[in-house]
Amino acid sequence: MSIPWTSHHPLSTYRPNYMTKDEFQRCLESALRTYYQAGDRVRHYKNVRVLTIMWEADRDEGLRVASRSDSLADVLQHSYKYDVRRCILSSVDPAGSLQDMLKVVFNALDEDNLVIIHYVGHGFDRKSDSGTEQELWISPTGFETPVNFTAIRRGFIDETAPDVLMLIDCCHSGLSAVGTNKEIIAAGASEALAYNDSAIYQRESMTTGLIQQLQHAAASTQILTSPQLYARLATNALRQDGPPFRTTPLHLQNYEEGRAPIYLAPLFTADEWVGARNMFIFQQPVTVVLEAHLKDANSETFRELKEWIMRSRPPCVHRVEVIDVIPSGSAVLIFEVTLEVWDRLPAHAPIVFIGFKHRPVVDPVVDLPRERQGSIFVEKERDPVGFAKYAGSTSPFAQLKENIPLDGKAPAKVKE
């Protein structure tokens, strides 16, 4: 007898997971903190070091990755003023060479520093007793001893003090849990082929996308956070009218509670650099539709959520859209978010992915208000306020209808 649980008859249909409205609110509040803002949640970096990794056999032969790897290094070195090191792996003890270089890069760095690690080349996932492990392979693959990058990461990188952003551009980008304040943006999921020849690689790889996005951010003096960088890479991979990409990148992140994400900004003082603008749903060619099962929702929940989003501008408005609330024992909430908000959404069983939504982008770009903080301008942010507090005639929605300011004070009467 076959197992009855299928994609259209999942086990969760009969045993659904639920969350409260407050739990849903906290998940959204965390997910909406995707952009750079000076404050307590941001760890300002004293130093940023970059390590680029490639195989000697793939520099000018094989995959011929030298030009792309060098271009990325040049952007980070000259536009961002980061300290860039290069690791060229040979067939003689490549794992030992990589570990030695990592020790040099991480030397004397504390938690107020950032390390960026970029690898481009062949990759393979191997099953082991401890789970899936990612191996870095030399060209031609299968004839030399690979580097077990997962073992090096778990044994050294994950245990270090600095923030670490790993950019892994290879086939079979196996992902597993990372250490605290560590992140991986990988070219694709396990068994996904990122490319199969150097010509395709040159125009369709994740490294090409990284170069384009970082060059654009530097030219427009925008401070990008890792969710914003990921969202831009994923948008290019998913959009129907864009350049073809063989895989959709994945982002794995693990932060201390309340921490803002890793960000990329120049180390030198530059007044003109600003936090990259929040991207609104109506501006996006690709957004994400999700559902959440709320056990304490009622007939007022839809209106309360709408009011909460309106009250919480600019962090919420136009980045989260409530589509519908369907009665289902309690309620099923259907909502839409931007890719960067989806990227930061904490894992919670009652929140379920429905699908990507594609749309033509024809609306003009709308700037958010900015304010000076220190040496740069950043977008104003106010943490979202609990939506359950705003029900009834005194809600922000009702105040706006009556033309009453959101501070609750009635407008002064003008003498005739």
Test each condition in (1) in a loop (DSSP other than H, G, I, E, B); (2) in contact with a Leu (Cβ under 8 Å, 6 or more places away or on another chain); (3) at pLDDT 85 or above for Thr180 and report the one that comes out false. (2)
Taking Glu304 and the conditions (1) in contact with a Leu (Cβ under 7 Å, 6 or more places away or on another chain); (2) outside any strand (DSSP E or B); (3) not aliphatic (A, V, I, L, M), which numbered condition does it fall short on, given that it satisfies the others? (1)
Within 22 Å of Lys182 (Cα to Cα), surrounded by 14 or more Cβ atoms within 10 Å (Cβ to Cβ), among the basic types (Lys, Arg) and at pLDDT below 95: does that describe Arg49? no
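At pLDDT below 75 and not in a loop (DSSP other than H, G, I, E, B), is that true of Arg313?
no
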Residues Glu304, Glu300: which one is on the phi < 0 side of the Ramachandran plot and in contact with a helix residue (DSSP H, G or I) (Cβ under 7 Å, 6 or more places away or on another chain)? Glu304
Here's a check for you: in the stretch 121-144, which residue that is in a loop (DSSP other than H, G, I, E, B) and in contact with a helix residue (DSSP H, G or I) (Cβ under 7 Å, 6 or more places away or on another chain) is modelled with the lowest pLDDT? Ser139
Could you list, ordered by first residue, the pairs with Cβ atoms under 7 Å in which the first is in the stretch 294-309 and among the β-branched types (Val, Ile, Thr) and the second is at pLDDT below 80 and surrounded by fewer than 21 Cβ atoms within 10 Å (Cβ to Cβ), at least 6 apart or interchain? Ile309/Val317
Which numbered condition Ala108 fails, given (1) at pLDDT 90 or above; (2) under 27 Å from the mean Cα position of the chain (by Cα): (2)
Would you mind telling me which numbered condition in (1) in a strand (DSSP E or B); (2) surrounded by fewer than 16 Cβ atoms within 10 Å (Cβ to Cβ) His44 fails? (1)
Looking at Leu63, is it assigned to a helix (DSSP H, G or I) and crowded, with 20+ Cβ neighbours inside 10 Å? no
Can you name every residue in the stretch 70-111 that is at positive phi and without any contact (Cβ under 8 Å) to a residue 12 or more places away in the chain? Asp93, Ala108
Being hydroxyl-bearing (Ser, Thr, Tyr) and either under 24 Å from the mean Cα position of the chain (by Cα) or not in a loop (DSSP other than H, G, I, E, B) (or both) is true for just one of Ser91, Ser97. Which residue is that? Ser97
Residue under question is Val48, and the condition is that it be over 27 Å from the mean Cα position of the chain (by Cα) and at negative phi; does it hold? no
For the stretch 336-367, give me the residue count where each residue is at pLDDT 85 or above and either in contact with a Lys or Arg (Cβ under 9 Å, 6 or more places away or on another chain) or assigned to a strand (DSSP E or B) (or both). 17
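It is to be established whether one or more residues within the stretch 76-88 are touching a Lys or Arg at 6+ places or on another chain (Cβ under 6 Å), modelled with pLDDT under 95 and either surrounded by fewer than 20 Cβ atoms within 10 Å (Cβ to Cβ) or within 26 Å of Glu159 (Cβ to Cβ) (or both). So that I can check it myself, show each step before the final result.
The first filter runs over the stretch 76-88 and keeps only residues touching a Lys or Arg at 6+ places or on another chain (Cβ under 6 Å), leaving 83.
Narrowing further to those that are modelled with pLDDT under 95: none.
No; the residues of the stretch 76-88 include none that is touching a Lys or Arg at 6+ places or on another chain (Cβ under 6 Å), modelled with pLDDT under 95 and either surrounded by fewer than 20 Cβ atoms within 10 Å (Cβ to Cβ) or within 26 Å of Glu159 (Cβ to Cβ) (or both).
The values are calculated or read from the model by the stated rules, or taken from the named source; none is laboratory data. This is a predicted model, so every value here is computed, not measured. Neighbour counts run over all protein chains shown; Cβ positions are idealised from the backbone, glycine included.
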